[in-house]
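Here is the structure we will look at, set down as structure tokens.
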Amino acid sequence: MTNHIFIIDDDPELTDLLKEFLESHNYHITVFNDPVKGVNGLLQAKQISYDLVILDIMMPGMDGFQILRKIRESSNIPIIMLSAKGEVSDRVVGLELGADDYLPKPFEPQELLARIQSVLRRVLASNS
């Protein structure tokens, strides 16, 4: 079974690279990176069943923290936050709001892959 990952990030270059990299590791990827994606991404996340969300913090419109809050109102889907905001306080806020992991930019794709695998293993173990 292929896991379906939803990426919400306003950097098309990054999302293209992540999509290609993660698909090469047998993940199905859906990307939202348009200027109003905060709202569009949130709506899409609630309509389709995903196994994990990768969510940027600094975006136009609704930021990643706002999207995280909205998703957590109705879902416990695993969420990994990505952000150029690497301050400890930002990581703590993301984790306190319900993110399962937080990876500051820039990052190595292999590290993100390892974190995705780790989070999905935990979810699978807790659902067994």
(message) Criterion first (open to solvent by 20 Å² or more (accessible area, probe 1.4 Å) and either among the polar types (S, T, N, Q) or at pLDDT 90 or above (or both)) does P109 satisfy it?
(response) yes
(message) Is it the case, given these coordinates, that V92 is open to solvent by 70 Å² or more (accessible area, probe 1.4 Å), at pLDDT below 95 and over 11 Å from the mean Cα position of the chain (by Cα)?
(response) no
(request) Name, by its number, the condition in (1) out of contact with any Asp or Glu (no Cβ under 8 Å at 6 or more places or on another chain); (2) under 23 Å from L97 (Cα atoms); (3) open to solvent by less than 60 Å² (accessible area, probe 1.4 Å) that does not hold for L14. (result) (2)
(message) Restricting to the range 75-89, count the residues that are under 22 Å from K19 (Cβ atoms) and either surrounded by 13 or more Cβ atoms within 10 Å (Cβ to Cβ) or under 12 Å from the mean Cα position of the chain (by Cα) (or both).
(response) 7
(request) Return the residue satisfying two criteria in turn: it lies in the range 112-122 and is hydrophobic (A, V, I, L, M, F, W, C) and surrounded by fewer than 17 Cβ atoms within 10 Å (Cβ to Cβ), and of such residues it is nearest to L17 (Cα to Cα). (result) L113
(request) Please enumerate the residues belonging to the range 103-122 that are free of Cβ contacts under 8 Å to residues at least 60 places away in the same chain and part of a helix (DSSP H, G or I). (result) Q110, E111, A114, R115, Q117, S118, R121, R122
(message) Looking for something surrounded by 14 or more Cβ atoms within 10 Å (Cβ to Cβ), touching a residue at least 60 places away in the same chain (Cβ under 8 Å) and touching a Leu at 6+ places or on another chain (Cβ under 9 Å) - is there at least one such residue anywhere in the range 36-53?
(response) yes
(request) Examine the range 21-31 for a residue that is closer than 14 Å to I8 by Cβ, of a type outside the set (A, V, I, L, M, F, W, C) and in contact with a Phe, Trp or Tyr (Cβ under 9 Å, 6 or more places away or on another chain), and state whether such a residue exists. (result) yes
(message) Is it the case, given these coordinates, that I57 is open to solvent by less than 10 Å² (accessible area, probe 1.4 Å) and among the β-branched types (V, I, T)?
(response) yes
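The values are calculated or read from the model by the stated rules, or taken from the named source; none is laboratory data. This structure is a prediction, so every number in the text was calculated from the model and none was measured. Quick reminder, even Gly has a Cβ in these numbers, built from the backbone with ideal geometry, and neighbours come from all protein chains shown. Only protein heavy atoms, including side chains, enter the accessible area calculation; ligands, DNA and RNA are left aside. Shrake-Rupley method; radii C 1.70, N 1.55, O 1.52, S 1.80 Å.
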